[in-house]
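Q: Pasting in a structure now, in structure tokens, and then I'll have a few things to ask.
Every number here is computed from the coordinates shown, using simple stated rules; none is lab data. From a predicted model like this one, the values you see are computed outputs, not experimental measurements. We place every Cβ from the backbone using ideal geometry, glycine too, and count neighbours over all the protein chains shown.
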Amino acid sequence: MIKLRELNRSALPVIVVGHSLGGTIAYRMAVDFPDEIAGIVVVSAPLDPELSYRRWYNVLASFSLINWALPDALNKANREMNPLQGDLVAMAPRLPEIRTRVTVIQGTEDKLVKFENLDFAERSLQQARFKSIPVAGRGHFILWEQPQLVAAEILAFLNESQ
């Protein structure tokens, strides 16, 4: 496995693309590996700790009497959600360190990740080369509903780095 620090950026730009929690991980990678990450494309990802609290169904699904009846995928998603707010609180002071290119795609009607996360990203990433793409009338699954939009942004990164 290639380690990020071993990559030659002139040969291969590292562009991290993440959806939902994967987008939050992309932000973290941009913070932790500023010299290795050429840019990130984030789709429908939580970033604002104030907007990323556990909801009633996350709390309910944490009880063993309930979670045994849930599908594995929902249990896994719930386990990922439980520490999220604390992780975002810890990461928030470091967000201004991000100086790479960042594109954030967010649906205006996302019920899982509130649209206001886009505003928080713009305020927090003032040193980044920031581009926001609000997608009117769309929810959390832009990645599947408008794959051409996401692909176009990834290609824009690649074209810029050549």
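Q: For a quick check: with amide H placed at 1.01 Å from N, whose amide H comes under 5 Å from R138's, ignoring anything fewer than 5 positions away on the same chain?
A: T108, E109
Q: Peptides 87-93, 28-34, 104-110, 43-49: what's the order by average Cβ count within 10 Å, highest mean first?
A: On the way: 87-93: 15.0, 28-34: 17.3, 104-110: 20.6, 43-49: 23.3.
Ranked by mean Cβ neighbours within 10 Å, highest first: 43-49, 104-110, 28-34, 87-93.
Q: Hey, another quick one. In nm, to one decimal, how far is the modelled label at V31 from the one at A156, with both set 7 Å along Cα→Cβ?
A: About 2.5 nm, to one decimal.
Q: Calculate, in nm to one decimal, what T108 and R129 gain on full extension: separation in residues at 0.36 nm each, minus their alpha carbon distance.
A: Result: 5.4 nm gained on full extension.
Q: Another question, then. Taking the stretch 85-162, how much of its Cα-Cα pair set, in percent, is spaced more than 18 angstrom apart? Don't skip to the end; give the middle numbers.
A: Details: 1456 of 3003 pairs.
Looking at the stretch 85-162, the distances longer than 18 Å represent 48 percent of pairs.
Q: Still on this model: Order of 113-125, 15-27 by packing, highest average Cβ count within 10 Å first? Write down the numbers at each step before the final one.
A: Numbers: 113-125: 19.1, 15-27: 20.8.
Sorting 113-125, 15-27 by mean packing, highest first, produces 15-27, 113-125.
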